[in-house]
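A short worksheet on the structure shown next.
The values are calculated or read from the model by the stated rules, or taken from the named source; none is laboratory data. In this text the structure is predicted, and so the values were computed from the model without any measurement. Glycine gets a Cβ as well: all are built from the backbone with ideal geometry, and neighbour counts include every protein chain shown.
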Amino acid sequence: MLQLLGRVPLAVVGELGDFALFTGQSLRSAVGSRKLGRRIVRALYEQGVRCLPVILIVGLFTGLVLGLQGFYVLSRYGSNGALGELVSLTLVRELGPVLAALMLVGQAGSALAAELGIQRNSEQIAALETMGASPHAYLIAPRLIAAVLSFPIQTAFFSLIAIEGGFLSGSLLMPLSGGVYWASVHRAVVPADVSECFLKAVVFGLLTTAICAHNGYNTHRRSRTTGARAVSASTTRAVVLSSIAVLAADYLITSLLVRS
């Protein structure tokens, strides 16, 4: 019984340590890597440009729903003029970074985990190691750097289009003056809110990309099956762990910033 109780915490600590070493090695391998810029540009296209449509669509409907619900709640207290403040602060401080990260995990993160899993099963990663090339520098480091660059931009697009969606709900579908809405937005959002938004986006990007890469890279070690089922299992695990990590990191960052 004691061995069983101790086995789970030891496994969790060992997994966290392996993940930290994997991330650190990947970041260190970027130093002096040849043709790193070209691989970063390709990763930016995969994690940024290709994900932009889903970011804009989800952001628009998030703002529309938030505007409708916010107007309905505020109208009970005669505070309809605060709709812009409610929508903008909710999106910039919380919903924007979190929902954008979850959408990017579902599209770019799952694709990364599946790609690395297939490369592991087809022994392409082993071939790189045999040739003396670093798989971390060639496959992982460009994705991590691209995530740090693209996640804040994607989060900014998400928040902006969502705030516009709140305006459409409040001013076109509901009897609220557009000038009142935008004045409330301008009054509510301060540079500290934007800084918090970008900080969360950078942390979420690095954390989720590292988790997806770690699970895909270690497909042969993380699954009891082989072949396509192993890739499917590692991809599912990557998406689930990344989503949990986003929510946990959001709580930790918010609690630290609120206390400070």
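The residue list Ala127, Ala100 contains one member that is surrounded by 15 or more Cβ atoms within 10 Å (Cβ to Cβ) and in a helix (DSSP H, G or I), which is Ala100. Entry remark, the stretch 226-240: residues being of a type outside the set (D, E, K, R), surrounded by fewer than 18 Cβ atoms within 10 Å (Cβ to Cβ) and part of a helix (DSSP H, G or I) number 5 in total. Do we find that Val54 is in contact with a helix residue (DSSP H, G or I) (Cβ under 6 Å, 6 or more places away or on another chain), in a helix (DSSP H, G or I) and in contact (Cβ under 8 Å) with a residue 60 or more places away in the chain in this structure? No: the conditions fail for Val54.
Being within 20 Å of Thr209 (Cβ to Cβ) and polar (S, T, N, Q) holds for only one residue in Ser26, Ser75, Ser88, Ser79, and it is Ser26. Can you confirm whether Leu10 is exposed (fewer than 13 other Cβ atoms within 10 Å of the Cβ), over 30 Å from Ser184 (Cα atoms) and either touching a residue at least 60 places away in the same chain (Cβ under 8 Å) or of a type outside the set (S, T, N, Q) (or both)? Taking the combined requirement at face value, the residue satisfies it. Being more than 19 Å from Leu89 (Cα to Cα) and among the small types (Gly, Ala, Ser) is a property that Ala230 has. Pick from the stretch 181-219 the residues that are β-branched (Val, Ile, Thr) and more than 30 Å from Ser75 (Cβ to Cβ): which of them is surrounded by the fewest Cβ atoms within 10 Å (Cβ to Cβ)? So the residue we want is Val202.
If the condition is being among the β-branched types (Val, Ile, Thr) and more than 28 Å from the chain's Cα centre (by Cα), then the stretch 117-144 contributes only Thr130.
Considering the stretch 77-97, the residues that are in contact (Cβ under 8 Å) with a residue 12 or more places away in the chain and among the hydroxyl-bearing types (Ser, Thr, Tyr) include one that is surrounded by the most Cβ atoms within 10 Å (Cβ to Cβ), namely Ser88. Do the conditions hold for Val203, that is, is it in a helix (DSSP H, G or I) and more than 23 Å from Arg42 (Cα to Cα)? No; evaluated as a whole, the condition is false for this residue.
Taking (1) part of a helix (DSSP H, G or I); (2) out of contact with any Leu (no Cβ under 7 Å at 6 or more places or on another chain) in turn, Gly78 satisfies each apart from (1). Restricting attention to the stretch 133-183, the residues that are charged (D, E, K, R) and either farther than 29 Å from Leu64 by Cβ or free of Cβ contacts under 8 Å to residues at least 12 places away in the same chain (or both) total 1.
Within the set of pairs 6 or more residues apart or between chains, which connect a residue that is farther than 17 Å from Val185 by Cα inside the stretch 63-76 to a residue that is at pLDDT 85 or above and among the hydrophobic types (A, V, I, L, M, F, W, C) with Cβ atoms less than 9 Å apart? Close Cβ pairs satisfying both conditions: Val73/Leu86. Cβ-Cβ contacts under 7 Å between residues 6 or more apart (or on different chains), taken from a first residue in the stretch 223-238 that is at pLDDT 85 or above to a second residue that is among the basic types (Lys, Arg), are listed as Ser234/Arg222; Arg237/Arg222.
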